[in-house]
Structures are given as structure tokens and as C-alpha cells.
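One structure is given below, encoded as C-alpha cells.
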Amino acid sequence: MRPLDEKETTQVFEKLFNFTGNNLKNIVEAPSHEGPESNPGRYCFRLNKNRVYYVSESLVKRATNVKRDKLVSLGTQIGKFTKGGAFHLTIQSLNLLAANAKHKVWLKPTAEMSFMYGNHVLKGGLGRITENINTNDGVVVFSMSDMPLGFGVAVKSTQDCRKMDPNGIVVIHRADIGEYLRMEDEL
Amino acid sequence: MGRKKQKVVLPPDLPPDVAEDDVEVSDEDLAFVKENIEHVGFLNTLDTQSITRHVTRVADVKEDALESLYEQRLRKKTLLKEKDENLLEVDPVDALPVKTPDGKIVFRTVPKVPKVAVDTATEGEATSDNEDNVADKSLVRLSKAEKRAKFKKLRKEAKKQGKEVTEIEEVNETSQADVLEEVKKDLTAEEASESKKYRLAEIGTALLTDPEANIKSLSEMLQISKSEDHAIVTLGLKSLLAVFKDIIPGYRIRLPTEKEQAMVVSKAVKKMRFYESTLLSVYKAYLLKLFYLEGKPAFQRVAIRCICSLLEAVPHFNFRERLLAVVVKNISSADDVVRKLCCATIKSLFMNEGKHGGEVTVEAVRSIAALVKAHDCQLHPDSIEVFMSLLFDEDLGRAQRAPVDKRSRSKKFKKRKNQEEQPNQLLNNDKKKARKEMISQTQEEVDAEYKAASFAQDIAERRRMQTETLSAVFEIYFRILKHTFQTRTDATSGSYVSSGGHPLLVSCLNGIGKFSHLVDLDFMADLMSYLRKLARGSGDGNGSPEDCSGCLTVSERLQCCIVAFKVMKSNLDALNIDLQDFFAQLYQLILEYRPGRDKGEVLAEALKVMLCDDRQHDMQRAAAFIKRLATFSLCFGAAESMAALVTLKHLLQKNVKCRNLLENDAGGGSVSGPVANYHPYSSDPNLSGALASVLWELNLLSKHYHPSVSTIALNIANLTNTTNQVYHANVSPQQAFAELSLEKESFNANIDINKSGNKRKRVNVQQAVPTVDDAEIASRTDEVEVRKKLSEHFFLLRDISENGRLKSELDRTTKSLQLYQQYKKQKKKQR
């Protein structure tokens, strides 16, 4: 377990910023009420076995007691570095993203299932969409009852969505909560 | 004399040939008058002389002599009149019929004019006007000059010969001049103006009864209105206006070309041409006069009124462009009356497009656009407000497109049919085709003719004009938005020294809201981004109030949000777009709202449009708004809090999960989402964590002084999680606001009765520290009442203090008296 170096930090923050915009500040500065200390600590990012975790400071202190190779996980995993060095957000980061999301898409009930099997979001499945989405923005996908289902990357801006035909892809699938079942072992 | 003349006037229902004669003469009249100028002067003299003599002599002669004098004069008069009438007939207008020997005159309608001319001081002018419409000015001057030149030379002669009504022309000239002089001395200015007024009225009525015959006297009216007297000018302009409104034909006059003039035409046509050209030339002169006077402050209102009503009444007629230009120029005038007039005119132009076929609409909108551009968007809002009365017929396109489709479809159908049947029925088909072609050809011809004849415009043409109008209107709107944005950014960057506000923005936003369904989808993205930036106001939510001089007021920003929602709603039924940014703005604006400064109606509308009409909300966001609205309704007056509570109830009914707020335990944990605590000052509704809080405000509100507010607060508090109440349509926040703000006055009386005792106590107790609550109540109740009670109270206080002071004084004096007495006693004792 070690803190991220500078390059890794920029990579992680760029990814997060793509989804949350200025709300990234809230993620970094959120107070944590874990542990016995009366004054709240902060959350921080830690790297362990190529995976990036979002952990409260008090937990980090306690995790130092565990041997590095014995430590499986701590806090919330938010992503991992691939062998090629790229950073990918994983589905566990969904809660964090959903709370601070800047761009959202709501799916119709009929389209939820398809998305949770790993398919892209088509225009026909859109129940609602935040205005002012641009191409390549990170988008969090919700069900109509405001339950976060996953996230992806916008292919079309909100303006262009209007002119599309119902079978066009609006959001490219990145992760969905179906992965907890489908890819249980890899997570 | 007048009566007799009227008799003479009445007969002239003449056979048409006489009229034609007249016309011929009047065509030549310029030359004629020049030749016979003395004759003209002569006949004028005769009339005046008799009158002036009448006036002057009667004063001199004693009563006895009077009778005989009158008799004499009567005789003379009859004699005179015969001559007089003969002479009148020499009037070039009716030159030919004059010569009837028996004195029964074949008079045309014109002679009315000379009759009045006799009475007026302006007779010289008037008659000469009558003789010659076109070249009148020069003639009048000429004759006057002559008169003056000869006046001195021939004065003696005039005195000698003046009594006898003889016919030497020069003498007559001088005597006329003489008389004129006297009359002018005699008549006061009032009388002159009075007579001018009569003259105006008479010409006016004559023109209205028979415009074709009296068209020449138009220019005389114009002449009269050129006098110095303010009242006369006004009257003249107004009566000319009335006349023009009545006699201007329903078509545009085109003056004949030289070629056409050279052609031989019938008398009727000639007459018509003369009429039209005269009308047009006088109209032009009148307009020039109006435009001239419009620049003068004293006459501005009258001139504008005339221009406006002319444009309103005859927008199809010649010179309308210039009228329009003047009206548009004054549309944002500083003068309220002028501006209102111009706006009303433009509005009526927009509303009654049938009168001019829409061309003027396009012109008007374009020229307003140019005006806005030229003035850099610093105009009075009224000038943009007029667009609200524009009408765009949306069915126009559809009605036209449908038949085209049908035709093409039927053609296709026919083709297919033909192809199928071709092999066996070729010959038969040819015949049929030929016949059909014939029929269709004739049909087309008939259609074309019908179209040409019918008054209705081509649909395509109208469509084109509507498109042009629309694009011009939106050009203006976008220009204003852009301008507002630019000055704002300048102001925040500090290079700009406080812009003078954005007068046009509100009406511009209203306009966009109204025509939101007509916005081109391509503009939509830009429009929305501008609206977002404008709604954001000062910076990104952290702007301090001092750098807010260039930014918009709360009402304007609310308006931006409303417009954005309207635009979205009217265009995007297919795609449900969530306007997150605007919600965040509204969330903040609710805090910035101040009841006196900002418009409550706008806030109520925003609540309605954004919170009530929108279909779904996130739970977090809804909860945040519920909490904030409850807080808000604690701080402001009954109307605002009522609007807020109505919205709140609506939100609670829709979002069942948010009813957790009504439970008496601070939620937190999983229910409240990622944010554990409630942040009352957070700027983003999604991150406020409102679900972790409790709606304790409702408990306070149920004790609100206003009964309806307290009822609705109780009502909301009783909504529970378990009972899923039937959703029923409520009053909208707007209605609630309007009702309560109307009720304010009537409700105040109630308050006074119910709470007067209570309040007095409060005033007594809290006078030292007036709380916000107290001040609010005081403002709500009748001010006079409060003042009275306060003054009573303070009088009482003062009396008490006065009492105390007096008492102490009394004590002191009594003490000193006692001391004195003691002193005296001691002295006595000493002695």
C-alpha cells in the first residue's frame, strides 16, 4: 500500500473530473467520521496491487498494521491501473460518482436490463438526460427511480441527441452493477 | 346674405355636363387667373366693402337716421348682390355658367367658400386659394404686394370713390386694401382665429360630403394650418387628419407617367386623375409639414398623434415608409405620451395585417431591429414589448403543404395505375388523357384568374413574409442577449464602468418565452448556453455583492430560468432533458430573493414552471427544495410563503420518499444519501443532504398569523408516509400568490380587529428592540393605525416623564419654601 505518485494522481483525477466536474472538490475534501478521533479526518487515495482505493485517513493508519502482501483490500476501490499503465474506473466507484455526478442519464425501465448485461445505451432507451452534455463526457446512468446503474462515456452531445434515430448509441458502456454477478471473480 | 346664398348653393344638383365644363376650366385656371387677376380682386372688394360699410356706418349714424339708412342699404344691397353674384360667377372655378343674364345662377358647389370668405379677414387669401390650388402661394403674395404698393398712392382716390360701388379695377383694388386694413384693425386676434376655425370646419364638412368636388380646398386647409397660432395649427392638423382618414382611397395612387398623360382620355378619367394628383400632392405637403413639426417640442405630440393615426388608418397608402420611419424613431421616446402612441400604432399594425398584407409588419420589425442595433440596446422596453402582439399563423404552412402531398401522391398512384393498364387500354387512355389535360388546363387558368382577382394573398408569399419577420425578431432578441452578456462580462472583468442596466432584457425574455415554439433548433444550443450564463448572474455563485453592479437582478435571473424551461418544454417533447444548472440557480435565487426589491410574481411563476410542472425530480433535489422552501416561507410575507408552501406540498405529494422529512427523527445514514449532514448553505441541491434534516419549520408555520398559511402548513404536516393520499390538482403557486397579494388589503382590517390587543402588548414590550417579525407585522397592518397607537403610547410616556419632572420641581420648590420659612423663623428667633 502506498500513496499515488504524481503521474498516477493526475491520471486518477482526470478520470474522476471527467465524471464529476467541479464536484471533484467534494470528493477530495469530504470529511470522514470514522475512527475514535473527535475531529473528522479526510479521505485519501491509496494504491495497492495496482488497484486504487478511496480510504479514510484513520483506516489507512490502521491498515499499516497489515503486511503489504497480506492486505487484500481497504476502503472503497475506485479503479485499477492496467498493465499498460492506463487507469480504469471500476464499478465499485459508482456510489462516489453518482453522488457527485455532473452529467446524468436516466434509463427507461425497458432499457435497464439491456444496459446491465453490458450493452450500450441507445437513444430509444433514454428516459431523461441532463442538458449540456458534450461528446466524451463521463455520464452516470440511473434508473428512472434514481438508482445508479452504472456509468459510461457520452458519444453524442445533448443537442445532437435530438436529431438521432432511436437506434443510435448515446452512451458507451464502461461499467454497470451487473458486473457484480457477471465478473464476480475479477472484481 | 348667407341664407340667400345658401339657397343659391342648394340648387346646384346639376346635370353632369356642367361639371365637366367646370373641370375643363379648372384645368386651365392658372392661366385664367393670371389674365384676370384684377377681376378677382374686384369681386372680392365688393363683398367686403358692403360689409365694412355696414360696420362702420352704423356706428356713426343716429338712431332716427338708422332706419332710412338700413332701407337704403337694403335696396343697394339687392342691387349689389345681383352684381355681386354676377361677379362671383366670374370666379374661374365656375367661369362658364356665370353669364346667365337673369341672375339665376347656375352655381356649382364651390361657392360655399366665397361666402365664408366674405366674413373672414383672410378673404383675400381664401378666395385666391379657391381660384388656384396649385400656384396659390405665389399668387397671394403677388396680390398683396400689389395692394400695398398701390395703397399709398391711391388712398385719396379710394376715399372719394369708395362709397360708390363702381367698377374701376384699380380703385377696387385700393378700396379692398383699405377695407382689409380696417378690418384687420377691427378684428381682434381672437376673432381671426375664431373665423379660421369656422373656415376649417366648413371646408372639412364640405370635403367629407363631396370630396371629388371640393378636393381643391384641401390645400387651403393646409394653408390655414400654417399660421403662427398654436391652437389653429393644432386644429388644422387634426381636421386635415380627419379629412384624409376619410377620403384616402383603399388603394395606392400611382401618378400617371408622361406617356400616359399625353394620351387622350375621357373626361371622367381626366377628372379622376386630377383628383388623385391633387390629393397626393396635398397629402405629401401635409406629411412634410408633420415631419417638420415633429421636430419641434411644442407640436411634437400633435404631430405624432397625426402620424400615428394616419399610419394606423391607411397603412397601404403612399409614403407609408416615411410615416413608419418616424413612428419607429419615436418608439422609445422619453415622452410617455409619444411613446405610448407609437407603440400602440405598431401594435395595431401587427394585429391588423389584413390592412396592408403584412408588408408593413416586416418593414416595421426590420426598422426596429436597425434601431436597436443603432442604440446599442439602450432603449425603452416598450419598443420591444410591441413584438408580443405579433401573430404568427402556424397553420399557414400546413394548409399549403397538405394539398401538394395529396397531389403528388395521387399522381404516383395514377402513374402506377396507368402502368398496369397500359398494355390493353393504350388507345382509350390517350383519349382520356387528352381530355383530362384539357380539363386541367382550363382549371389552372381559372385558378390563376381567381387568384389574381381575389384579395387573398398567396400563401407562399405570406409564409415568406412571416419567416422574414420571425428571423428579424429573433435577431433582435439574440442581439439583446448577447449585448447583456457582453456588458456583464466586461463589468466583472473590471474594464467597464457600471453599465446602465439592461432595459430591454425583461421584455426580450418575455418575447422568447412567448415565441419559444418557433425557435430554430439550430439556435437552441447557443440560446440555452446564453441563458445559463445569464442565470448564473455574478460569477460562479461566489460573486460578492459589490461586483454585482453590471449583473442582473434576481427577477431577471429568475426570468432566464423560466424562459429556458419554456423553450425546452415547447420544443423537446421527444427527449426529456434535465436542466440541472437552472435548478441549481433557482436553489440559490430563492435565498437571494427580497420581497420589496424583486417581483413576487416572477418567483411564483418560476416555482410553478420549474418545480410543479416538471415531471420527475431526483429525490435529493426534491428534498433540498422542500427544505429550502420551508425555510424561505418562514422569512417572508403571507403571499410568498403561500406560494412556497403550495409548491412544497406539491413536491411532497409527488415524491413519496421525501416524506421522511416529516418524520420526527433526523434521518441520516443510508436514507440521506452520501451526505450525512444537512448543509443549509450548499449551492447545489444535490449535495445539500436535506434528507438528513426535519421539516421543523412547518410547526412554526402552523402558528402563522395568516389563517390560510397556517392551515396549509398543518395540512402538509399531516401528510404521512403511510396514507398514500389521492393526488389532486392544487392551485398553482402563482394563483396562491396572486390571491394572497390581492387579499392583503382586505385582510389587514381583520388583523387589526383580531390582533390589536395582542399587538399593543407587543409594541409595549418590544419597542426597544424591534425584531424583524415585529417590523413585518407592523408593515402588514394599517400604517395609520400603528402610527396612531405608537403616538398614543409615546404621548403617554412623555406625559409620565413630564409628570415626574413637574413633581420633582414641585418638590424642590416646596422644599425651598420650607427652607425659606425655616430661615425666616431662625431669623426671627435671632432677632
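The values are calculated or read from the model by the stated rules, or taken from the named source; none is laboratory data. If you're wondering where the values come from, they're calculated on a predicted model, not measured in any experiment. Methodologically, a virtual Cβ is constructed for each residue, glycine included, from the backbone with ideal geometry; neighbour enumeration extends over all protein chains shown.
Things worth noting here:
- Flag if B:Ile331 is farther than 23 Å from B:Tyr251 by Cβ, buried (at least 21 other Cβ atoms within 10 Å of the Cβ) and without any contact (Cβ under 8 Å) to a residue 40 or more places away in the chain: no
- Remark: A:Asn22 falls outside the filter, which requires a residue to be outside any loop (DSSP other than H, G, I, E, B), surrounded by 15 or more Cβ atoms within 10 Å (Cβ to Cβ) and within 14 Å of another protein chain (Cβ to nearest Cβ).
- Residue in segment B:206-227 that is in a loop (DSSP other than H, G, I, E, B) and under 29 Å from the mean Cα position of the chain (by Cα) present: yes
- Filter result for B:Leu509 (of a type in the set (A, V, I, L, M, F, W, C) and either in contact with a Cys (Cβ under 9 Å, 6 or more places away or on another chain) or modelled with pLDDT of 80 or more (or both)): yes
- For segment B:564-578, the criterion of a residue being surrounded by fewer than 21 Cβ atoms within 10 Å (Cβ to Cβ), assigned to a helix (DSSP H, G or I) and facing chain A (nearest Cβ under 9 Å) is satisfied by at least one position.
- Yes/no for B:Gly637 being at pLDDT below 75 and either away from every other protein chain (no Cβ under 14 Å) or surrounded by 17 or more Cβ atoms within 10 Å (Cβ to Cβ) (or both): no
- Highlighted here are the strands (runs of 3 or more DSSP E) found entirely within segment A:71-146 that include at least 2 residues which are within 12 Å of another protein chain (Cβ to nearest Cβ) and surrounded by fewer than 21 Cβ atoms within 10 Å (Cβ to Cβ): A:126-130.
- Elements of type helices (runs of 4 or more DSSP H) in segment B:688-804, at least 1 residues being modelled with pLDDT under 50 and of a type in the set (Ser, Thr, Tyr): B:733-766
Residues are listed down the side, and each one gets a yes or a no for (1) touching a Lys or Arg at 6+ places or on another chain (Cβ under 9 Å); (2) without any contact (Cβ under 8 Å) to a residue 40 or more places away in the chain; (3) more than 26 Å from A:Glu186 (Cα to Cα); (4) among the hydrophobic types (A, V, I, L, M, F, W, C):
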{"position": "A:Val12", "(1), (2), (3), (4)": "no, no, no, yes"}
{"position": "A:Leu24", "(1), (2), (3), (4)": "no, no, yes, yes"}
{"position": "A:Ala30", "(1), (2), (3), (4)": "yes, yes, yes, yes"}
{"position": "A:Asn39", "(1), (2), (3), (4)": "no, yes, yes, no"}
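- Subset of segment A:147-156 that is within 12 Å of chain B (Cβ to nearest Cβ) and buried (at least 17 other Cβ atoms within 10 Å of the Cβ) - its residue that is farthest from A:Thr20 (Cα to Cα): A:Lys156
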